[in-house]
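Engineer: Okay, handing you the structure first.
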Amino acid sequence: MPFLPQSSVPQIENPCELSLVIPAFNEGSNLGPLIDRVVPVLNSLSKDWELIFVDDGSSDDTLVWIAAAHQKDNRIRGVSFSRNFGKEIAIAAGLDASRGDAVVIMDADLQHPPEMIGRFMALWREGNDVVYGQRVDRQSDGLLRRLFTYVFYHAFAMFGETPLPDGAGDFRLLDRKAVNALRSMGERARFSKGLYAWIGFKSIGIPFDVADRAQGSSKFSTRRLLHFALDGITSFSTVPLRLWTYIGALISGLALLMAAWVVISTLVYGTDVPGYATLLVSITFFAGVQLLSLGVIGEYIGRIFAEVKRRPLYIVGNTIGFDEAKAKKTSARKPKAATKI
Ligand code: UDP
Ligand code: MG
């Protein structure tokens, strides 16, 4: 059969109660212990659950682990991307593939304690649409990362038009309503934390301590974090654009004052030719300001460009366990009447 990449995951229609979505990028060494810890928790919480791994273009044995887990328990399924698309998009694919009335998103590195899912479910049953884990401290992150996070969240609070709850991350339970709302947002630059806040719904946070990563190291390099931060701010705020209107107005005002001063001083004291330093400094300063503002506009234009291309959000290379689940569903249906010749 020819390889036909898919830009969506096959949909299984019959719903289940609980879906657990786990994005995994080169997490082969974590999946064994993760599955051993998660499956008993899921069994104790629901009779009708599914576990969906999204293999985000891993180059290690992540997919082999997922396939082996599916062999043991066919409620475990996997979607594998054709390349690395990033955690935010992996989460989007997981939500697309999920069919639970409640969907929990969790990291693969055991930083999010699976035992919390029970408390998520209890609060969901009490009528909350979104239950999120609220990290109380960031000791598990390095100093530089903490500083970066601090600066980013302050900048976001200043510029962002959507307030983010404190310490809320991706570890959360979403009711089907919230999942559908998130799935309706097709944007490519996905800043999930902002999207969660934007969709609203009755939400509640549970504080928890983030454990240390079980194996391996964080997949977010400083460069990637910086890019992610820019995505976050530009997709939730136009203040950086508007700021240049104010800066422009201020500079024009100052220039007018300076012009008045130059005219008056020329009238009073006559022409004063020296001024090379002032001229040079102001030319370079304003060239800098203009390039900076162009850069900010460029950031937005780049993102508009990415959005208008309307490429699919992700490309699926492989799926594990979807075809057979679909086939089961089809064979369970009433057979169609034979066509008359
Ligand atoms: N992840 C992913 N794609 C990526 C980067 C990360 O699916 O491009 C997954 C990763 O496997 C893990 C989760 O996202 O399950 C969180 O990643 P990580 O632990 O590296 O981030 P951190 O905990 O440092 O924020
Ligand atoms: Mg982690």
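Engineer: Return the only residue of K219, K202, K177 being within 24 Å of L31 (Cβ to Cβ) and among the basic types (K, R). Talk me through it step by step, then tell me what you get.
Structural biologist: Working: K202 fails: within 24 Å of L31 (Cβ to Cβ); K177 fails: within 24 Å of L31 (Cβ to Cβ).
One residue alone meets the criteria, K219.
Engineer: Here is a follow-up. If you scan region 107-130, which residues turn out to be away from ligand 1 (no atom under 12 Å from the Cβ) and aliphatic (A, V, I, L, M)?
Structural biologist: Answer for region 107-130, where residues must be away from ligand 1 (no atom under 12 Å from the Cβ) and aliphatic (A, V, I, L, M): M116, I117, M121, A122, L123, V130.
Engineer: Of the residues that sit in region 90-103 and are among the aliphatic types (A, V, I, L, M) and out of contact with any Pro (no Cβ under 9 Å at 6 or more places or on another chain), which one is farthest from D170 (Cα to Cα)? Lay out the reasoning, then the answer.
Structural biologist: Quick first cut of region 90-103, residues among the aliphatic types (A, V, I, L, M) only: 90-93, 95, 97, 102-103.
Those still in the list that are out of contact with any Pro (no Cβ under 9 Å at 6 or more places or on another chain) too: 92, 95, 102-103.
Numbers: A92: 12, L95: 12, A102: 15, V103: 12 Å.
Out of the qualifying residues, it is A102.
Engineer: With the condition kept exactly as written, say whether any residue in region 221-232 is away from ligand 2 (no atom under 16 Å from the Cβ), surrounded by 12 or more Cβ atoms within 10 Å (Cβ to Cβ) and closer than 18 Å to Y132 by Cβ.
Structural biologist: Initial filter on region 221-232 (away from ligand 2 (no atom under 16 Å from the Cβ)): 223, 226-227, 229-232.
Now restrict to residues that are surrounded by 12 or more Cβ atoms within 10 Å (Cβ to Cβ): 226-227, 229-232.
Add one more test, that the residue is closer than 18 Å to Y132 by Cβ, and what stays is 232.
Yes - at least one qualifying residue is present in region 221-232.
Engineer: Quick test for you: out of I22, I91, I66, pick the one residue that is in a helix (DSSP H, G or I), surrounded by 24 or more Cβ atoms within 10 Å (Cβ to Cβ) and in contact (Cβ under 8 Å) with a residue 60 or more places away in the chain. Before the answer, list the steps.
Structural biologist: Details: I22 fails: in a helix (DSSP H, G or I); I91 fails: surrounded by 24 or more Cβ atoms within 10 Å (Cβ to Cβ).
Residue meeting the stated conditions: I66.
Engineer: Please give the number of the condition F171 fails out of (1) closer than 30 Å to N30 by Cα; (2) away from ligand 1 (no atom under 13 Å from the Cβ); (3) aromatic (F, W, Y).
Structural biologist: (2)
Conditions (1) polar (S, T, N, Q); (2) more than 19 Å from E307 (Cα to Cα), marked per residue:
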position	(1), (2)
D170	no, yes
L174	no, yes
A178	no, yes
L182	no, no
E187	no, no
S192	yes, no
Y196	no, yes
G205	no, yes
D209	no, yes
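Engineer: Exactly one condition in (1) in contact (Cβ under 8 Å) with a residue 60 or more places away in the chain; (2) open to solvent by less than 10 Å² (accessible area, probe 1.4 Å); (3) within 19 Å of V131 (Cα to Cα); (4) part of a strand (DSSP E or B) is false for V79; which is it?
Structural biologist: Of (1) in contact (Cβ under 8 Å) with a residue 60 or more places away in the chain; (2) open to solvent by less than 10 Å² (accessible area, probe 1.4 Å); (3) within 19 Å of V131 (Cα to Cα); (4) part of a strand (DSSP E or B), only one is false for V79: (3).
Engineer: For A178, work out the one condition from (1) over 25 Å from C16 (Cα atoms); (2) more than 16 Å from ligand 1 (Cβ to nearest atom) it doesn't fulfil.
Structural biologist: (1)
Engineer: A further question on this structure: If only one of G133, G160 is within 16 Å of ligand 1 (Cβ to nearest atom) and in contact with a Phe, Trp or Tyr (Cβ under 7 Å, 6 or more places away or on another chain), which one is it?
Structural biologist: Numbers: G160 fails: within 16 Å of ligand 1 (Cβ to nearest atom).
Only one candidate passes the filter, namely G133.
Engineer: Could you list all residues from region 115-163 that are polar (S, T, N, Q) and under 17 Å from S218 (Cα atoms)? Break it down into steps so the answer makes sense when it comes.
Structural biologist: So the first thing to find is which residues in region 115-163 are polar (S, T, N, Q), and the list is 128, 134, 139-140, 149, 162.
Answer for region 115-163, where residues must be polar (S, T, N, Q) and under 17 Å from S218 (Cα atoms): Q139, S140, T149.
Engineer: Also, quick follow-up: Which residues, taken from region 43-60, are over 12 Å from S82 (Cβ atoms) and not in a loop (DSSP other than H, G, I, E, B)?
Structural biologist: N43, S44, L45, W49, E50, L51, I52, F53, V54, listed by residue number.
Engineer: Considering region 72-106 alone, what residues qualify as being among the charged types (D, E, K, R), within 15 Å of ligand 1 (Cβ to nearest atom) and closer than 21 Å to S44 by Cβ? Show your work before the answer.
Structural biologist: Here is the first cut: in region 72-106, the ones among the charged types (D, E, K, R) are 72-73, 75, 77, 83, 87-88, 96, 99, 101.
Those left that are additionally within 15 Å of ligand 1 (Cβ to nearest atom): 83, 87-88, 96.
None - no residue of region 72-106 is among the charged types (D, E, K, R), within 15 Å of ligand 1 (Cβ to nearest atom) and closer than 21 Å to S44 by Cβ, so the list stays empty.
Engineer: Turning to a different aspect of this structure: Does any residue of region 172-185 turn out to be closer than 24 Å to P240 by Cβ, of a type outside the set (K, R) and modelled with pLDDT under 90?
Structural biologist: Yes: one or more hits.
Engineer: L225 is checked against (1) farther than 30 Å from V104 by Cβ; (2) within 16 Å of ligand 1 (Cβ to nearest atom) and fails just one. What number does that condition carry?
Structural biologist: All conditions pass for L225, except number (1).
Engineer: Filter the helices (runs of 4 or more DSSP H) completely within region 101-218 down to those with at least 3 residues that are more than 16 Å from ligand 2 (Cβ to nearest atom) and open to solvent by 60 Å² or more (accessible area, probe 1.4 Å). If you could, list the steps in order and put the result at the bottom.
Structural biologist: On the way: elements: 117-125, 143-159, 176-183, 192-199.
Answer list for region 101-218: 143-159, 176-183.
Engineer: Return the residue satisfying two criteria in turn: it lies in region 6-19 and is more than 23 Å from K87 (Cα to Cα) and open to solvent by 20 Å² or more (accessible area, probe 1.4 Å), and of such residues it is nearest to ligand 1 (Cβ to nearest atom).
Structural biologist: Filtering first and then ranking leaves E17.
The values are calculated or read from the model by the stated rules, or taken from the named source; none is laboratory data. Remember, it's a predicted structure, so these values are computed and weren't measured experimentally. With ideal geometry, Cβ positions are generated from the backbone for all residues, glycine too; neighbour counts draw on all protein chains shown. Calculation scope for accessible area: heavy atoms of the full protein, side chains included, ligands and nucleic acids excluded. Shrake-Rupley method; radii C 1.70, N 1.55, O 1.52, S 1.80 Å.
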